[in-house]
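What follows is a set of notes on a single structure, which appears directly below.
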Amino acid sequence: MSRRRFKPATASSHWPATGAVFAFPIAFILLPLAAFLAYSFFWTEQGVMSYALTLRNYARFFTDPVFLPVLRQTCVLCLEVAFLTVLAGYPVAYFLASLRGRIRYILLMLMLVPLLMSYVIKIYAIRSILGGHGALNRALLWLGLIDEPLTVFVFNLNAVLLTLTVLLIPFAVLPIFLSLERIPRSLMDASADLGASATQTFMRVILPLSLPGTITALTFVFVLAIGDFLTPQMVGGQSGFTFGRIIYSQFGTAFNWPFGAALSVILAVVVIAAIALGTIFGRDRSALK
Amino acid sequence: MTRDSRGNWFLAGFTLLVFILLYGPIFVPIASSFFALKQGVVNWQQPTTLAYVTLASNEGILVALRNTMIVGVSAVVCSLILGMASALYFNSGRSKGRALLQFIIFLPFLMPPIITGLALLIYFREIDFDRSLVTVIIGHTVFVLALVYRTLLVRLQSLSRSLVEASYDLGASGFQTFRYVLLPNLTSAMIGAGVLAFALSFDETMITLLVTGTDNTLPTRLWAMMRLGFTPDINALVAVILALTTLMCLLAARYLMPRESTGT
């Protein structure tokens with residue numbers, strides 16, 4: 001009998017073990033985040049840190065003419081990336097979901113494998129493809145569409161947009177695939193039996209049912225894109241300035257950690273808002289089902 | 001029917017195009033690593049393995065490779081131990097504390113890596129913890145913990161509760177139950193999660209850039225090399241790294257896939 005009630009017994013006799021389980025996450029996740037939040041309320045001037053709490057960093061963000069426009073521009077850019085990846089990812093997910101048997105999972109795996117390939121290398125390779133001597137320009141020259149290599153694809157926001165889109169497509173395919181896969185085939189058959197054309201079935205049955213996955217995909221990609229500072233740093237050049245780069249520069253060249261922390265808190269708020277919106281809209285639609 | 005199949009051909013073609021888009025940036029550097037370079041332009045008429053010879057004598061890269069291995073293996077071991085402990089704890093009952101622990105573990109996975117990296121950077125400075133490979137290991141453990149924890153928890157929850165109960169009824173201690181009943185059932189999940197965690201750690205750049213001192217891992221070394229300018233051995237290094245990563249992907253798939261397909 002006593003053995004059967006082992007659960008409460010272990011729970012009380014394992015307090016040290018419980019403490020050990022909590023120790024690492026608290027010491028290296030919770031406390032750093034708390035320190036980081038606290039830092040955003042400090043102030044530094046000419047290398048001297050003031051630990052008195054102040055809102056000056058946030059005030060600077062909202063009053064300086066540079067930062068708000070860059071944040072808005074970055075949000076627009078990342079939304080564009082999200083929509084482009086979904087635009088490219090939806091047909092792929094649809095095709096994969098329409099396959100039968102093992103091949104769909106093998107292809108899905110192949111779609112995801114590039115995610116584990118070196119991020120820096122992919123950025124670098126895409127930059128060389130987009131560049132003056134790159135494959136894209138050579139293809140355009142060969143097709144006779146242009147007379148001399150174009151430079152509009154590197155070292156500006158277009159380059160950041162294209163690069164991020166190529167890098168993040170798999171993140172859009174996966175959630176859309178998962179939501180398409182869950183739609184029972186009988187629903188499509190029923191729709192066809194009731195006289196709906198293929199287009200009508202898609203527009204009125206498949207598309208609404210796959211909307212939660214699509215929204216998840218948008219959120220995923222947006223969050224990943226807005227947090228990235230490597231891609232804009234590498235392909236953005238002088239004009240391709242993004243919010244992530246500004247944050248990174250506060251910890252490097254500008255060396256203003258409290259201000260950098262405040263900017264990151266704002267980034268975190270944007271990310272949380274995006275995730276919350278994604279969850280709300282994703283859930284509402286599936287509730288209609 | 002004909003219109004349907006035409007639509008399918010279009011979708012298949014489009015999928016192929018996306019695959020080319022995804023794999024192009026991986027194959028271009030590999031292909032060009034076997035050819036000579038002149039002023040940053042690949043000469044496709046001149047095959048050579050010179051880049052690989054230069055690579056093998058590049059001190060900085062070899063050190064970076066060693067650092068990457070140290071960090072990867074340490075982060076995998078730490079995250080497996082912590083992930084296992086957390087998953088066992090979470091699975092042993094229900095409480096607010098458990099939900100909180102899970103939330104904390106998931107935080108670095110939800111937040112952009114730049115925030116995790118900056119938080120650790122500030123924290124290490126405030127507690128006077130010098131930046132070194134140790135801080136990189138901690139950063140990577142924080143980053144991969146959620147994935148390892150989640151993988152182990154899913155497997156743990158798929159095991160029948162009666163297994164553990166039977167073990168206790170037969171007089172096994174808590175440790176014996178873990179060692180002889182749970183652990184054998186979790187091995188493949190641990191290997192899969194470990195390989196995946198290693199692959200993530202192997203490629204982690206943003207957090208590493210922020211929390212490392214003077215030590216370089218391969219991605220940060222690459223990052224520095226590419227920013228300074230072009231050297232031919234980069235392509236060779238790329239090929240080597242991609243070969244290693246592919247191997248890891250295959251391993252991860254081998255240990256994670258079969259169970260998943262029979263499980264669901």
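The values are calculated or read from the model by the stated rules, or taken from the named source; none is laboratory data. Because the structure is a prediction, the values reported are computed rather than measured. For neighbour counting, all protein chains shown are included, and Cβ atoms are generated from backbone atoms with ideal geometry for every residue, glycine included. Quick note on the areas: whole protein, heavy atoms, side chains included, nothing else; ligands and nucleic acids left out. Shrake-Rupley method; radii C 1.70, N 1.55, O 1.52, S 1.80 Å.
One residue is enough: does region A:221-230 have a residue meeting the conditions closer than 30 Å to A:ASP64 by Cα, charged (D, E, K, R) and touching a residue at least 60 places away in the same chain (Cβ under 8 Å)? Yes - at least one qualifying residue is present in region A:221-230. Among the residues of region B:30-49, the one identified as at pLDDT below 80 and part of a helix (DSSP H, G or I) is B:SER32. Checked across region A:98-119, the condition of being surrounded by 16 or more Cβ atoms within 10 Å (Cβ to Cβ), closer than 17 Å to B:LEU250 by Cα and among the polar types (S, T, N, Q) holds for at least one residue.
The helices (runs of 4 or more DSSP H) falling completely within region B:155-264 that include 1 or more residues that are within 24 Å of the chain's Cα centre (by Cα) and either at pLDDT below 80 or within 25 Å of B:PRO112 (Cβ to Cβ) (or both) map to B:183-203, B:206-211, B:218-228, B:233-263. Scan region B:122-149 for residues that are in a helix (DSSP H, G or I) and touching a residue at least 12 places away in the same chain (Cβ under 8 Å) and the total you get is 17. Taking A:PHE251 as the residue in question, decide whether it is over 30 Å from A:SER179 (Cβ atoms) and modelled with pLDDT under 90. So A:PHE251 fits the description; yes.
Do we have A:PHE177 as buried (at least 18 other Cβ atoms within 10 Å of the Cβ), in contact (Cβ under 8 Å) with a residue 40 or more places away in the chain and farther than 23 Å from A:MET111 by Cβ here? So A:PHE177 fails the test.
Name every residue in region A:116-160 that is part of a helix (DSSP H, G or I) and away from chain B (no Cβ under 14 Å), in order of residue number. Step through it out loud before you land on a result.
To start, the set of residues in region A:116-160 that are part of a helix (DSSP H, G or I) comprises A:116, A:119-130, A:135-143, A:157-160.
Once the filter is applied, which keeps residues that are part of a helix (DSSP H, G or I) and away from chain B (no Cβ under 14 Å), region A:116-160 yields A:LEU140, A:LEU141, A:TRP142, A:LEU143, A:LEU157, A:ASN158, A:VAL160.
Only one entry in B:VAL154, B:VAL164 is aliphatic (A, V, I, L, M), within 12 Å of chain A (Cβ to nearest Cβ) and open to solvent by 10 Å² or more (accessible area, probe 1.4 Å), namely B:VAL164.
Looking at region B:41-50, is at least one residue open to solvent by 50 Å² or more (accessible area, probe 1.4 Å) and within 13 Å of chain A (Cβ to nearest Cβ)? Checking region B:41-50: at least one residue is open to solvent by 50 Å² or more (accessible area, probe 1.4 Å) and within 13 Å of chain A (Cβ to nearest Cβ).
For region B:91-122, taking the residues that are more than 9 Å from chain A (Cβ to nearest Cβ) and of a type in the set (S, T, N, Q), the one that is nearest to the chain's Cα centre (by Cα) is identified as B:GLN102.
With respect to the conditions (1) aliphatic (A, V, I, L, M); (2) touching a residue at least 12 places away in the same chain (Cβ under 8 Å); (3) open to solvent by less than 30 Å² (accessible area, probe 1.4 Å), A:ALA35 falls short on a single one, namely (2). Select, from B:LEU186, B:LEU244, B:LEU209, the only residue that is in contact (Cβ under 8 Å) with a residue 60 or more places away in the chain, surrounded by 13 or more Cβ atoms within 10 Å (Cβ to Cβ) and within 30 Å of B:TYR52 (Cα to Cα). Just a single option satisfies the conditions, and that option is B:LEU209.
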